[in-house]
Amino acid sequence: MKKILFLTVAAVAAICAVTQADEPIVAATIRADGSTNTWTQADLQAALGLMNRMYWRDQGTDAGRQKWHGERIGEYLLPTGVTNANGAAQMIVVQLYQDGFVATNRMVRYRKRIRQDPEAAAKAAAEAKRRADEARAAWESANLPPDLAALRAAQRIAGETNEVTVIVGPGGQ
């Protein structure tokens, strides 16, 4: 164990000696064990970049915000006064932390259930199918051999053709 520790310290010292020869030392800090840690400009930039990325990654969760700013001391819902077409009121969640940091997140609270019009849903589904069919036809004409593309186009047209038989008889039957 002592040999591994000695070799690690020797390797770090050698790296520091090489770094010190190439770049000037701009800062020095004291480690937990009392030894001195020296920093070059490149070391500081790399460390600050790592800290910055870690901070913004942690701000995405409540636990991460508590790690950087202390316990959450309050949470409030504030209405924005804006509602969308579905009748949903937009709200803002305001979270207060011990060091005075304030996090805000938009949220939507629905006042009533959204009921979708069946005709509008059928129209939207038909439009989506039409767009998908057009995209498939364009891809087939651009990427398939001409004979095969013509055959697929004929199949598509045959699939869209509807044949309806109407029988008219006495009594409206």
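The values are calculated or read from the model by the stated rules, or taken from the named source; none is laboratory data. As the structure is a computational prediction, the values presented were derived from the model and not from experiment. We place every Cβ from the backbone using ideal geometry, glycine too, and count neighbours over all the protein chains shown. Remember, those area values only see protein heavy atoms, side chains included, never the ligands or the DNA or RNA. Shrake-Rupley method; radii C 1.70, N 1.55, O 1.52, S 1.80 Å.
For (1) in contact with a strand residue (DSSP E or B) (Cβ under 8 Å, 6 or more places away or on another chain); (2) of a type in the set (Lys, Arg); (3) on the phi > 0 side of the Ramachandran plot; (4) at pLDDT below 80, each residue gets a yes or a no:
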{"site": "VAL12", "(1), (2), (3), (4)": "no, no, no, yes"}
{"site": "CYS16", "(1), (2), (3), (4)": "yes, no, no, yes"}
{"site": "ALA28", "(1), (2), (3), (4)": "yes, no, no, no"}
{"site": "SER35", "(1), (2), (3), (4)": "no, no, no, no"}
{"site": "LEU48", "(1), (2), (3), (4)": "no, no, no, no"}
{"site": "GLY64", "(1), (2), (3), (4)": "no, no, no, no"}
{"site": "ILE73", "(1), (2), (3), (4)": "yes, no, no, no"}
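The criterion of being at positive phi and either modelled with pLDDT of 80 or more or hydrophobic (A, V, I, L, M, F, W, C) (or both) does not hold for GLY87. Residues in the stretch 78-105 that are surrounded by 13 or more Cβ atoms within 10 Å (Cβ to Cβ), assigned to a strand (DSSP E or B) and out of contact with any Gly (no Cβ under 6 Å at 6 or more places or on another chain): THR83, ALA89, GLN90, MET91, ILE92, VAL93, VAL94, GLN95, ALA103.
Residues in the stretch 27-69 that are more than 28 Å from TYR97 (Cβ to Cβ), assigned to a helix (DSSP H, G or I) and either open to solvent by 50 Å² or more (accessible area, probe 1.4 Å) or among the aromatic types (Phe, Trp, Tyr) (or both): GLN41, ASP43, GLN45, ALA46.
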